[in-house]
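The values are calculated or read from the model by the stated rules, or taken from the named source; none is laboratory data. Please read all numbers here as calculations on a predicted model, not as lab measurements. Cβ atoms come from the backbone with ideal geometry, glycine included; neighbour counts cover every protein chain shown. Only protein heavy atoms, including side chains, enter the accessible area calculation; ligands, DNA and RNA are left aside. Shrake-Rupley method; radii C 1.70, N 1.55, O 1.52, S 1.80 Å.
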Amino acid sequence: LTKAGERFPINDPAKMPVLEPKPESRAEYLHGILHAISKVEAEAFRKLQELGADKVQTVYTAGGGSVNKMWSAMRERVVGVPVRPVQHTEASYGVALLALDLAQ
């Protein structure tokens, strides 16, 4: 976030973003942003497990970031589980799977 406030996994409306120090290298800056996102993802999975969810075994990912092999590898290291792109990214496919699961 670029403004104050965090929603999950830490509910802190006053939490300020950490955007400094900004490295001179754009690649290094992007790496830092992606690493921070990965850390938030790992913390979110820990929080969900703390609240009673099953431990995550594999992260299935969709969207533009899912084709970034370097970020997927980073996420695997930080989250500690395999990160795999999904085969089908259409929302209707996911809804159909949920309906099938409910029907069984």
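When both residues are 6+ apart or on different chains and their Cβ atoms are under 7 Å apart, which pairs have a first residue that lies in the stretch 1-29 and is without any contact (Cβ under 8 Å) to a residue 60 or more places away in the chain and closer than 25 Å to Met74 by Cα, and a second that is of a type in the set (A, V, I, L, M, F, W, C) and open to solvent by 100 Å² or more (accessible area, probe 1.4 Å)?
Short answer, once both residue conditions are applied: Pro17/Leu1.
How many residues are among the acidic types (Asp, Glu), closer than 19 Å to Lys3 by Cβ and in a helix (DSSP H, G or I) if we restrict to the stretch 13-37?
Qualifying residue count for the region: 0.
Is there a residue in the stretch 9-31 that is open to solvent by 50 Å² or more (accessible area, probe 1.4 Å), touching a Ser or Thr at 6+ places or on another chain (Cβ under 9 Å) and of a type outside the set (S, T, N, Q)?
Checked against the condition, which is being open to solvent by 50 Å² or more (accessible area, probe 1.4 Å), touching a Ser or Thr at 6+ places or on another chain (Cβ under 9 Å) and of a type outside the set (S, T, N, Q), the stretch 9-31 yields at least one hit.
Given the structure, is Gln49 of a type in the set (S, T, N, Q), open to solvent by 60 Å² or more (accessible area, probe 1.4 Å) and either under 18 Å from Asn11 (Cβ atoms) or in a helix (DSSP H, G or I) (or both)? Walk me through how you get there before you give the answer.
On the way: of a type in the set (S, T, N, Q): yes; open to solvent by 60 Å² or more (accessible area, probe 1.4 Å): yes; either under 18 Å from Asn11 (Cβ atoms) or in a helix (DSSP H, G or I) (or both): yes.
Yes: the conditions hold for Gln49.
Do you know which residues across the stretch 52-65 are part of a helix (DSSP H, G or I) and open to solvent by 60 Å² or more (accessible area, probe 1.4 Å)? Steps first, please.
Of all residues in the stretch 52-65, those part of a helix (DSSP H, G or I) come to 64-65.
The one that is part of a helix (DSSP H, G or I) and open to solvent by 60 Å² or more (accessible area, probe 1.4 Å): Gly64.
With the requirement that a residue be of a type in the set (A, V, I, L, M), within 18 Å of the chain's Cα centre (by Cα) and either at pLDDT below 90 or closer than 17 Å to Asn68 by Cα (or both), what does the stretch 19-52 give you?
Once the filter is applied, which keeps residues that are of a type in the set (A, V, I, L, M), within 18 Å of the chain's Cα centre (by Cα) and either at pLDDT below 90 or closer than 17 Å to Asn68 by Cα (or both), the stretch 19-52 yields Leu30, Ile33, Leu34, Ala36, Ile37.
Out of the residues in the stretch 66-104 that are part of a loop (DSSP other than H, G, I, E, B) and surrounded by 11 or more Cβ atoms within 10 Å (Cβ to Cβ), state the one that is modelled with the lowest pLDDT.
Thr89
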